[in-house]
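Shown next, in structure tokens, is the structure this report addresses.
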Amino acid sequence: MTEITRDVVIIGAGASGLTAATDLKARGLSVAVLEARDRVGGRLWTDTIEGAMLEIGGQWVSPDQTALIETLENLKLDTFSRYREGESIYIGRDGKHTRYSGDRFPVDAETAAEMDRLIVILDELAESVGATEPWAHPRAQELDSITWQAWLEENTDNIEARDNIGLFVAEAMLTKPRHAFSALQAILMAASAGSFSNLVDEDFILDKRVIGGLQQVPLRLAENLGDDVFLNQPVRRLEYTDDSVTAIADGITVKAQYAIMAVPPNLYSRVDYQPPLPRLKHQMHQHMSLGLVIKVHAVYETPFWREDGLSGTVFSPYQLVHEAYDNTNHEDPRGTLVGFVSDQHADKVFMQDAEARKAAILDSLAAYYGEKAQNPVVYYESDWGSEEWTRGAYATSFDMGGLARYGAMQSTPVGPIYWSSSDLAAEGFQHVDGAIRVGHDTAQAIIARHESK
Ligand SMILES: Cc1cc2nc3c(=O)[nH]c(=O)nc-3n(C[C@H](O)[C@H](O)[C@H](O)COP(=O)(O)OP(=O)(O)OC[C@H]3O[C@@H](n4cnc5c(N)ncnc54)[C@H](O)[C@@H]3O)c2cc1C
């Protein structure tokens, strides 16, 4: 077993941990980043599957994600816009397939008016609650004790309006059933993206991609950190006092003054802390869980939908694949669709064998794009739920009541141990932008403490 001494040990080489390590090293602190997997990037992972380059994890960048955009500029990474020429498709509650333009679903006038009314209410709530301290809002308790589904039912009798507005947070973001998280958690999701209107506007949220894949962010950060990143080193135990910490991984022990747990909160409990964490942390960690979504990649000889005047963007809360997009790589003559199967729908198809699951998913794509969608040349399902060092997708959120009860202390350090991940972010919550923001903030907190010694 190798033993080394550093100022800071960082557990997890995702975007958050590597950002923190980079900032700390730039300020002259020595670091070691211990990563459980045989690669860096965590939930960012680009791979070539049967000749197709696929972004298996996170990929999109939106214009308000300024921390991510700054990192992309620093790392000299270029972006390209998602293909969005032409009409989108919506399948309604009545099963009707409709082509439309703009960011409003083609529903009947009454449903459209209800959706607009709900968006106004939710924009106001997102603005008033904010992303930084949702738990401190005067209505935090109330909004955290009602499920997102119940809030929607309380606010409209129009089922299709409810299903559509519900989708923007449940299936599309938190990837949990609407009855499994609170209205406060839903409002935080909107506030962290700037507004509920931004969540509804896929051209804003899913604006750009990085040429060559977003995993290049962690890859380049790790490259710059060089020998300070150690792969295949799952940290099993953290022994700590008020001002020292020892991280024990499978092949290396790091003695440090500070540690950063830069892993998703659902994995905090995989580490044995000595002494045990304070009671409230133990409690809190049991109330944070990852959602579940299958990201489906279907590559075709050509982007055939474009010839039909379609953008590739499709939505329906009534389909197995609740949303899908043109995800063709930069300057690739082939066409790629990416679709998403969320929460209980994912549970259901995971009970089927791989062939039946693929058939069900392709049937759903064909419901939108026609029979040509049935024959991809490459088909791949990102299955993060099976990944030991993630265990779901996209990110963690609190269960009912957890955000108001524990949110205020979610980032509080325990002695020398700090917490950093996209799932603790205010702005950019659950996104790479948030991972980077929290990484910067965590490094800053350690630097301030260190320099005041
Ligand atoms: C399918 C999918 C699609 C997504 N789409 C987008 C998108 O389009 N845009 C966007 O901005 N975000 C997207 N996201 C979310 C985004 O990828 C994450 O929010 C972000 O990458 C999280 O970064 P992180 O550093 O906080 O955590 P992670 O990336 O999870 O990094 C944590 C690291 O810690 C390691 N680790 C865990 N336990 C230990 C241990 N005990 N010892 C050592 N190492 C450990 C893990 O292996 C991992 O490398 C998506 C996520 C998924 C899964």
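Just so it is clear, none of the values below were taken in a lab; they were calculated from the coordinates. Quick caveat: nothing in here was measured; it's all calculated off a predicted structure. Note: ideal-geometry Cβ built from the backbone for every residue, glycine included; neighbour counts use all protein chains shown.
Toward the positive end of the charge dipole of the stretch 220-286, with +1 on the Cβ of Lys and Arg and -1 on the Cβ of Asp and Glu, the farthest Cα among Met261, Leu277, Thr246 is that of Leu277. Once backbone amide H atoms are built at 1.01 Å from N, Thr79 has Ile211 as its partners under 5 Å, excluding neighbours fewer than 5 places away on the same chain.
Of Ile10, Ile436, Ile205, the sequence from fewest to most neighbouring Cβ atoms within 10 angstrom is Ile205, Ile436, Ile10.
Find me the longest stretch of the chain that has none of the exposed GluC sites (Glu not before Pro), where exposed means in a DSSP loop (not H, G, I, E or B) with at most 11 other Cβ atoms within 10 Å. In short, 86-330. Pairs over the 28 Å Cα-Cα cut-off, from the set Lys255/Lys281; Lys76/Lys176; Lys25/Lys453: Lys76/Lys176. Couplings 3J(HN,Hα) of the stretch 337-353, computed from phi: 9, 10, x, 10, 10, 10, 6, 5, 5, 5, 3, 5, 6, 5, 7, 8, 6 Hz, in residue order, whole Hz [Karplus 6.51 cos²θ - 1.76 cosθ + 1.60, θ = phi - 60°; x for Gly and Pro].
So, in Å, what gap is there between the alpha-carbon centers of the stretch 119-197 and the stretch 396-453? Going from one Cα centre to the other spans 22 Å. From least to most packed, judged by other beta carbons within 10 angstrom and beginning with the fewest, Trp305, Trp60 follow the order Trp60, Trp305.
The slack between Glu124 and Tyr379, meaning 0.36 nm per residue of separation minus the straight C-alpha distance, is 87.7 nm.
Fewest-first ordering of Thr253, Thr175, Thr328 by other beta carbons within 10 Å of each residue's beta carbon gives Thr253, Thr328, Thr175.
Packing order of peptides 207-216, 312-321, highest average first: 312-321, 207-216 (average count of other Cβ atoms within 10 Å over each peptide's residues).
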